[in-house]
Amino acid sequence: MTSKPLSLSRRLRAAASVFAGAALAVAGTLAGQAVAQAAPAATVTQGQMIMTAEGSTCTVGYVEADRAWTAAHCGLSGQQMYAEDGTHLGTLRWLKPSGAAGQDIAYIQFAAGTVSGGNPKTGDGINPVPPTGTQICVDGRRTGKDCATTVDRLRGADPGMNFADPLPKLNGDSGSGVKVPGQSGVVGIYQGATYLSSGQAHRELSNYARMPDAGELASLRHQGYVPRKANLPRTVTPIELPGLQVRELQEQAEGLVTTSSEGPGWDSVRGIALNYGVVL
């Protein structure tokens, strides 16, 4: 049976239907691209690895909306920080110019497009340092969760540094959040170890830096977001950075690290002096 040719009006309606379908398909594709472009460039979550361009790694200890806290010895102030896959996250900022030789705490000022992934290990909250005799816990990226009891602060130590019995942590755990069991949030950032020697007596302690208080947070020099930098090539090999060992072989290295890329100052000189037991 021979089919009749379509009338002009039916041909126009058919063409319009095809065009409309194509238009919807294109619109769907464009909408998908818009959603992809709107997606965050990077997410920073408590406990994840962070690293410098050279591959030195640490751990994220606490995350806020536009910054993440870690140890100051994880890099120089002003240095760019990246995720394990090389994605640019933001710029490292020491809380104080003395850096690792003083209150060993720093924050990553997020780059545009970097967002918070939250604090799944401790919950949200910035809390004051607990009194001597309190149990604290550190959930290390490499070692898991360990707890110890806080001890009195050492004479001559930076006011921002606090101490506990030894914690069995490994290279790369530096920067982890320190919390009190049963309390949401963190009380500090894990730094490393202090070794004390007096005659034949030797003692090892764990160190952690207190978190900044509300006034310090409000007066941070660097607020908001920094421009996004290029990601690292996949050829960068992560190097697990050891926690600082105060008053032992790394004294001079600590002193060198106190020279910020933003320029040395009085706090930097004071920080270097503290490494050698001189309080200025």
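Here are a few things to note about the model shown:
- Which listed residue, of 146, 165, 173, is farther than 26 Å from residue 56 by Cα, in contact (Cβ under 8 Å) with a residue 12 or more places away in the chain and surrounded by 15 or more Cβ atoms within 10 Å (Cβ to Cβ): 165
- Here 65, 27 are screened, and the one residue that is modelled with pLDDT under 50 and surrounded by fewer than 11 Cβ atoms within 10 Å (Cβ to Cβ) is 27.
- Subset tally (residues that are surrounded by fewer than 18 Cβ atoms within 10 Å (Cβ to Cβ) and more than 27 Å from residue 90 (Cβ to Cβ)) for segment 110-136: 5
- All told, residue 205 falls short of being surrounded by 13 or more Cβ atoms within 10 Å (Cβ to Cβ) and over 19 Å from residue 150 (Cα atoms).
- Segment 145-246 holds strands (runs of 3 or more DSSP E) entirely within its bounds, and those carrying 3 or more residues that are farther than 23 Å from residue 110 by Cβ and either at pLDDT 85 or above or in contact with a Pro (Cβ under 9 Å, 6 or more places away or on another chain) (or both) map to 161-164, 201-210.
The values are calculated or read from the model by the stated rules, or taken from the named source; none is laboratory data. Bear in mind the structure is a predicted one, so any value in this text is a computation, not a measurement. Cβ coordinates were reconstructed from backbone atoms using ideal geometry, including for glycine residues, and neighbour counts include every protein chain displayed.
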